[in-house]
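The values are calculated or read from the model by the stated rules, or taken from the named source; none is laboratory data. No experiment lies behind these values; they were computed from the predicted model shown. Here the Cβ positions follow ideal geometry from the backbone for every residue, glycine too, while neighbour counts run over all protein chains shown.
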Amino acid sequence: MSGTPSLLWGEEMRVRRVPKDHLSTLCQSPWYNTRRHPYVEGNIAYVPVRDEYNAELELPERKPYHNRGYYQIGDLILFHGPRPSPEELEAVIFWTHPRGVLWVRCLSEVTRMPDCELLYGECGEVCHIENGYRYWLDPSRIMFAQGNREERARMGALVRLGERAGDLCAGIGYFTLPMARAGARVHAIELNPLAYQFLLRNAKENGVEDRVQAECGDCRTLLSGIYDRLVIGHFDMLPLLAGALRYVHEGSVLHLHTIDPCEAEIRSTVKGAGFSPTMAIHRVKKYAPGRWHVVWDVTL
């Protein structure tokens with residue numbers, strides 16, 4: 001096939017060729033199939049096309065990748081855990097042809113900012129497309145938890161049209177965007193000024209800025225009014241539950257993200273505020289051996 005790249009991506013994929021530098025402008029193109037990742041080789045990006053639109057090429061099936069796992073955010077590759085070996089780095093570059101490869105050593109405790117090392121190429125802002133949402137961020141400066149993808153989609157499915165939701169650790173809009181697009185009015189609070197700027201940008205990019213009230217600061221002092229739903233998406237924020245319960249009503253729903261078992265603590269705190277909780281636990285992903293990232297859905 002003339003003009004076909006030497007490395008092919010996933011299953012058979014219908015694509016159009018565009019200059020790599022134009023990728024970020026395609027976020028709103030109706031023909032862009034956001035369920036597949038573009039393939040980049042040199043200065044050309046092979047962008048997946050929706051079935052109802054014409055394609056320029058059809059890339060045949062590619063051989064499976066059997067090396068170390070990685071995360072892809074836009075056209076950047078991220079490694080977590082131990083530093084990748086030269087062989088692992090070479091393999092992922094050969095497989096994905098990324099703009100850059102980052103090794104994330106760790107995350108800060110409160111703001112979750114990554115401590116990174118650039119191992120290859122360059123980094124910077126990317127537009128990461130997921131479930132039809134466009135998340136702008138700089139992965140070298142902002143955390144993006146790809147393992148939470150299903151939970152972000154679940155939040156959009158749970159909210160009711162017109163309800164008032166509070167996103168207490170909003171980040172760049174992980175849960176804010178799905179809730180706002182589903183019709184909720186979202187009070188999104190973020191402590192990190194950089195993440196807050198991306199939150200504003202992402203609300204506008206996704207056409208929900210009129211349903212998002214974004215504030216930069218400490219959620220313990222910025223909560224106001226009464227909420228139908230509260231999302232506490234930071235593992236270390238369970239202690240603020242007691243204060244948050246002053247801003248809810250009977251029938252409100254809380255979504256508390258935790259690592260270690262804490263059902264007794266949640267029940268005690270909720271009952272201390274005068275509510276009787278109905279609780280359900282939802283597993284998000286494995287966090288460490290014997291430990292899970294879970295969400296407690298608490299209906300008051």
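Can you find, within the stretch 160-205, the residue that is farthest from the chain's Cα centre (by Cα) among those that are in a loop (DSSP other than H, G, I, E, B) and under 17 Å from TYR247 (Cβ atoms)? Please lay out each step first, then the result.
Quick first cut of the stretch 160-205, residues in a loop (DSSP other than H, G, I, E, B) only: 160-163, 168-175, 182-184, 191-192.
Within this subset, residues satisfying the condition of being under 17 Å from TYR247 (Cβ atoms) are 163, 168-170, 184.
On the way: GLU163: 22, LEU168: 16, CYS169: 13, ALA170: 11, ALA184: 19 Å.
So the residue we want is GLU163.
Going by the conditions given, is ALA195 of a type in the set (A, V, I, L, M, F, W, C), surrounded by 21 or more Cβ atoms within 10 Å (Cβ to Cβ) and in contact with an Asp or Glu (Cβ under 8 Å, 6 or more places away or on another chain)? Reasoning before the result, please.
On the way: of a type in the set (A, V, I, L, M, F, W, C): yes; surrounded by 21 or more Cβ atoms within 10 Å (Cβ to Cβ): yes; in contact with an Asp or Glu (Cβ under 8 Å, 6 or more places away or on another chain): no.
Judged against the criteria, ALA195 is not a match.
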Checklist outcome for this item: A careful count of residues in the stretch 123-160 that are under 17 Å from ASP21 (Cα atoms) and small (Gly, Ala, Ser) gives 1
Checklist entry - Do the conditions hold for VAL104, that is, is it outside any helix (DSSP H, G or I), out of contact with any helix residue (DSSP H, G or I) (no Cβ under 8 Å at 6 or more places or on another chain) and not charged (D, E, K, R)? => result yes
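Looking at the stretch 84-96, can you tell me whether even one residue there is touching a helix residue (DSSP H, G or I) at 6+ places or on another chain (Cβ under 7 Å), surrounded by fewer than 20 Cβ atoms within 10 Å (Cβ to Cβ) and not assigned by TED's automatic domain parsing to the domain that holds TYR32?
The initial filter retains those residues of the stretch 84-96 that are touching a helix residue (DSSP H, G or I) at 6+ places or on another chain (Cβ under 7 Å), namely none.
Within the stretch 84-96, none of the residues are touching a helix residue (DSSP H, G or I) at 6+ places or on another chain (Cβ under 7 Å), surrounded by fewer than 20 Cβ atoms within 10 Å (Cβ to Cβ) and not assigned by TED's automatic domain parsing to the domain that holds TYR32.
Looking only at the stretch 277-293, how many residues end up being of a type in the set (Ser, Thr, Tyr) and surrounded by 14 or more Cβ atoms within 10 Å (Cβ to Cβ)?
From the stretch 277-293, those of a type in the set (Ser, Thr, Tyr) are 278, 287; that's our starting set.
Filter again for surrounded by 14 or more Cβ atoms within 10 Å (Cβ to Cβ), leaving 287.
The total comes to 1.
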Checklist entry - Considering the stretch 30-44 alone, what residues qualify as being polar (S, T, N, Q) and more than 15 Å from HIS128 (Cα to Cα)? => result ASN43
Next on the checklist: Just the residues that are more than 30 Å from ARG105 (Cα to Cα), among the small types (Gly, Ala, Ser) and in contact (Cβ under 8 Å) with a residue 40 or more places away in the chain, please, taken from the stretch 17-74.
Outcome noted: ALA55
Item to check | Members of the stretch 221-239 found to be surrounded by 14 or more Cβ atoms within 10 Å (Cβ to Cβ), modelled with pLDDT of 90 or more and not β-branched (Val, Ile, Thr), listed by number | outcome: LEU222, LEU223, TYR227, ASP228, ARG229, LEU230
